[in-house]
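Worksheet: the structure to be examined is printed underneath.
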Amino acid sequence: MTSSMLLSVTTFIYGLAAVCYIAGWIFRRPLAARLGIWSVWVAVVGNGVGFTLRWMESYQMGIGHAPLSNLYESLVFFAWTIGISHLVIEYRYHNRVIGAFTLPLAFLAMAYASLSPHISDRIQPLIPALKSNWLIAHVITCFIGYAAFAVGFGLSIMYLLNKLAAAADGESTEQRPADLLVLQLFLVGLGLILFRFILGWSFGVGLGAALLLAGLVDLGGWLLGRHQRVRTELFSRFPEPSLMDLLTHQTVMFGFVFLSAGIITGSIWANSAWGRYWGWDPKETWSLITWFVYATLLHARLMRGWQGRRIAYLSILGFVAVLFTYFGVNLLPGLHSYGAMTEQLR
Amino acid sequence: MAGGDALAILNRLVSFFASVRLTVVVLLSLAVTSIIGTVIPQNEAPEGYVQAFGPRGYRFLEALDLVDMYHAWWFQLLLLLLVVNIVVCSVERLRASWTIIFTRSPRYRLERFRKSAVQTEFKVDAAPEVLRQTVRTVLGKGFKRRATLAGEDGIEGDCAERWRWSRLGVYIVHLSVVMLVAGGMIGGLFGFEGYVNIPEGEATDTISLRDGSGTRQLPFAIRCNDFSLSVYPNGAPKEYRSSISLLRDGQVIEEKEIIVNDPLRFEGINIFQSSYGKLPPPLPAEGAGPPERLAVHVLSNHSGRSYHEEGAIGDQLDLPEGLGTLRLDAYRPDSQFMGQPLGPAVEATLVHPGQAPIKLTLPLRFAAFDRMRRGQVVVAVTSAIPMPERFYTGLQVTRDPGVGTVYVAFAVMIIGCLVTFFMSHQQVCATVRPRGRQGSTVVVYGITNRNKMAMQRQVDLLARRIAAAAGGPDGA
């Protein structure tokens, strides 16, 4: 079995795990939750074996290198780090709901890698600029950071959902339409990624489908939300809001260390490849923007005592910056038209 | 009272620059403004901007320095503001916490521990006197035992602590940011970044500077002995390799084969493999006659196929596809086209069947020249004697005395982050009070400056260790 086949299968196991966790959360079926944890294990192991296999295959092809050199390989590694982070949190905090919000991200990353027509799963030889030992250190540190931010993002979404439920229960008198708006944007964005970029639909159709998806989820949420009992059941197994808040903060701290290390290893690499450690290249700049956003979150929290909702917003904003650093930079105009000298060998 | 006013203003200035609100505003401003430079390409030629944004748009971008925004005064000012904020804020806070961090005799009060939310209580089947000793042994591992405290109710507690110095972590991170900016400034002030293209076999000691400020003389000449390019079977580039010699007074002082990711570093100057190109074929020597054999390339626009034939001046060639004949009339060492010199060229006569003859000028160095005629065929003539391909290597030449500072700052930042995020000043205290005739109740308390959760885990761990050392918790 080749690594790409194994990884394609792994994609669906991540999908199964995500569905099981969501079902386990909504329908309170212990069986679904148990199936969920088993499928995460299978997916993480399959992901790891696929990664190793791909590494070995590249050596059999005579162009051996760590499978961390293109978008496909980085997405596979990203999904793997999210899966492992999920297992760590699951066993450390014994909560079965968090997976319903983090595993879909692992599934989306794998699905994007395996299903998108724009991403080739061929093992390609390394171009000269990538032939560096810093490649491995750089990619690993960056993606551990990204995975931590992804988990923090899932927790922030949970936090906002919980706030909305509390408002509906009348426990909280605050009415925050902003929460609803953020969650809508998140849903539409998620749908757009799924339909436009993974399934490759046209932008208009993708946006329409994403809006429909958001509408359906809203309708479902509204129907469920009308019943106090259902609401209580849905949210009773969420972690305490204070724990979600704390976990967001901790995952962000963890991610921040690795993001810093990722930027640093990237700088050192750039200095040995191109003779400059920092060149305000759009990718570099966006990683710094991400760093600024999370630095703001940490300062606001530690020094000004921000908590809860505001931290959740910043964490979501930070993850949007992560996604843009990762994918969006490729969409920017006219990037490689300048400095043809250095760009040529990239 | 003027002195008092000045002091008041100074105080207000200090508290403005020390505020975390300023930090948040500056960080978010940096994040938002940085986006601009990723959307508008930086440092392009003016024509590019005029084409994309129009002349008025370009003037606007130019006025706000948005075509080179990361070096614009306002962006540098934001960075400076961040540094001032960091320095003032750190100094202010460090002044306050200095005595806490570096005290020789820290003070503890049992009441403070008792108010802490972090505590664990358990019962043990052992006498308090025995247990006190156990507690001290357990706390002695990993913690520095500090004092025995007596509460107002007469109960005694043993207290210990660790990682007091970790309160310095945040200042270490801040120091690293200041060092980064300092390293960047050193590089900007005393370094340079340039490039040079050197044909194989040639040497130069002058490079062009990246910022367009002219050229720079190096203390040695760089000679490109050889450039080679290798590709993978699929055509992707595999390696660019330049053999470089550094010359001073005609003597080779250093030699190295450089590839991407493996530069030559010599006397603080770094030479990187950056690009390459093919040189145009060399001109025939002055006054030289026509090449003995000429290669004639004919592209038929009708079929899209191209054909290659050979001939000499005076020959008449039959064109394929029944397109007629081509006669090579004469050789001109320096021909002209509309007043522009074209270099060596062949004059030829093209006759399509049933049409009037067409006079052609076919410059040897511009194969696409005949395409302009938009005829039925495109004809090009080159020398038939094969010329070896010649390359030039494109080198990036830099000097950056700030790199050392920046790399140290990198290490300091990671260490500082690890200390700040994963260590905290932990103080623990355990009290033992008698319970019944033989038993005791132990309470372990913890106080920390951050990360209560880790403190709680530590307190639980200590409680388990004490219970285990004392022979297991009672009735548990």
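Principal axis analysis of the Cα atoms in the stretch A:73-126 yields extents of 42, 21, 8 Å, listed in decreasing size.
Considering every alpha-carbon pair of the stretch B:2-100, the percent of pairs per 10 Å bin, from zero through the bin containing the longest distance, is 14, 31, 23, 17, 11, 4, 0.
For chain A, the relative contact order works out to 18 percent when only alpha carbon pairs closer than 8 Å and six or more residues apart are counted. Compared with the dominant principal axis of the Cα atoms in chain B, helix B:452-469 is inclined by about 50°.
Across B:190, B:266, the residue with the most accessible area heads the list, and the full order at a 1.4 Å probe is B:190, B:266. Dipole magnitude for chain A: computed about the Cα centre from +1 point charges on Lys and Arg Cβ and -1 point charges on Asp and Glu Cβ, it is near 360 debye. With an a/c value of 1.5 or above and a/b larger than b/c for the gyration tensor axes a ≥ b ≥ c computed over the alpha-carbon atoms, the stretch B:139-257 is described as prolate. For chain B, with all protein chains in place and a probe radius of 1.4 Å, 57% of the accessible heavy-atom surface sits on carbon or sulfur. Partnerless cysteines in chain B, where a partner means another cysteine C-beta under 4.7 angstrom, comprise B:89, B:224, B:417. Equivalent-ellipsoid semi-axes for chain B (Cα gyration tensor, √(5λ), whole Å, largest first): 81, 28, 23.
Compared with the rule-of-thumb size 2.2 N^0.38 Å for a compact globular protein, the stretch A:90-225 has a Cα radius of gyration ratio of 1.32. The relative contact order of the stretch A:1-125 comes to 34 percent, based on Cα pairs under 8 Å that sit 6 or more residues apart. Using Cβ point charges alone (K and R +1, D and E -1), the dipole size of the protein assembly as shown about the Cα centre works out to roughly 4280 debye. For the protein assembly as shown, the equivalent ellipsoid derived from the alpha-carbon gyration tensor has semi-axes of 65, 34, 26 Å in decreasing order. Between A:297, A:53, A:75, the GNM of chain A built on Cα springs shorter than 10 angstrom shows A:53 fluctuating the most. Shielding of peptide B:174-182 by partners, expressed as the average count of other chain Cβ atoms within 10 Å per residue Cβ, is 1. The fraction of Cα-Cα pairs per 20 angstrom bin, counted from 0 for chain A, comes to 28, 59, 13, 0 percent, rounded to whole percents. Legend: mean number of C-beta atoms from other chains within 10 angstrom of residue C-beta atoms, peptide B:37-47, equals 5. The alpha carbons of the stretch A:239-324 occupy a box of 49, 23, 18 Å along the principal axes, longest dimension given first.
Dividing the convex hull volume of the alpha carbon atoms of the stretch A:141-346 by its residue count gives 138 Å³ per residue. Here is the P(r) of the stretch A:1-125: all C-alpha pair distances, binned every 5 Å from 0, give 2, 13, 22, 22, 16, 11, 7, 4, 2, 1, 0 in whole percents. Surface burial for A against B, with a 1.4 Å probe and both sides summed, reaches about 5000 Å² of accessible area. Counted over all Cα-Cα pairs of the stretch B:246-335, pairs farther apart than 23 Å make up 58 percent.
Taking a 22 Å limit on the Cα-Cα distance, which of the listed pairs B:123/B:452; B:115/B:452; A:131/B:256; B:123/B:144; B:144/B:452 fall beyond it? Beyond 22 Å: B:123/B:452; B:123/B:144.
What the protein assembly as shown shows is 49 Å² of accessible area per residue, with the surface traced by a 1.4 Å probe over protein heavy atoms.
Springs join every pair of Cα atoms under 10 Å in this Gaussian network model of chain A, and among A:303, A:253, A:110 the largest mean-square fluctuation is at A:303. Select from A:255, A:170, A:46 the residue whose mean-square fluctuation is largest in a Gaussian network model of chain A (Cα-Cα springs shorter than 10 Å). Result: A:170 has the largest fluctuation of those listed. Among the trypsin sites (Lys or Arg not before Pro) in the stretch A:61-144, those placed in a DSSP loop whose Cβ has at most 15 other Cβ atoms within 10 Å are A:122. What separates the Cα centres of the stretch B:244-282 and the stretch B:93-110 is a distance of 57 Å. A 1.4 Å probe, protein heavy atoms only, puts the accessible area of residue A:28 near 90 Å².
Only one residue of B:206, B:471, B:423 has its Cα farthest out toward the positive end of the dipole of chain B, where Lys and Arg carry +1 and Asp and Glu -1 on Cβ, and that residue is B:471. For the stretch A:1-61, chymotrypsin sites (Phe, Trp or Tyr not before Pro) meeting the loop criterion (DSSP other than H, G, I, E, B) and having at most 12 other Cβ atoms within 10 Å: A:27.
Reducing the stretch B:337-356 and the stretch B:136-197 to their Cα centroids gives an inter-centroid distance of 80 Å. Using only Cα atoms, what Kirkwood radius does the stretch B:294-383 have, in angstroms? That comes to 13.1 Å for the stretch B:294-383. The sum of -39500 (n - 2.57) across all DSSP H runs of n ≥ 4, divided by the residue count of chain B, sets its helix-only mean residue ellipticity at 222 nm to -11500 deg cm²/dmol. A simple charge model with +1 on the Cβ of Lys and Arg, -1 on the Cβ of Asp and Glu and nothing else charged puts the dipole of chain B at about 3840 debye relative to its Cα centre. Would you work out the relative contact order for chain B, in percent, from Cα pairs under 8 angstrom that are 6 or more residues apart? Relative contact order, chain B: 21 percent. Each residue of the stretch A:229-236 was assigned a 3J(HN,Hα) from its phi angle through the Karplus curve 6.51 cos²θ - 1.76 cosθ + 1.60 (θ = phi - 60°); the sequence is 5, 4, 4, 4, 5, 5, 9, 5 Hz, with glycine and proline shown as x.
The values are calculated or read from the model by the stated rules, or taken from the named source; none is laboratory data. Computed from a predicted structure; not experimentally measured. When we count neighbours, we look across all protein chains shown, and the Cβ atoms used for this are built from the backbone with ideal geometry, even at glycine. For accessibility, only protein heavy atoms count, side chains too; no ligands or nucleic acids. Shrake-Rupley method; radii C 1.70, N 1.55, O 1.52, S 1.80 Å.
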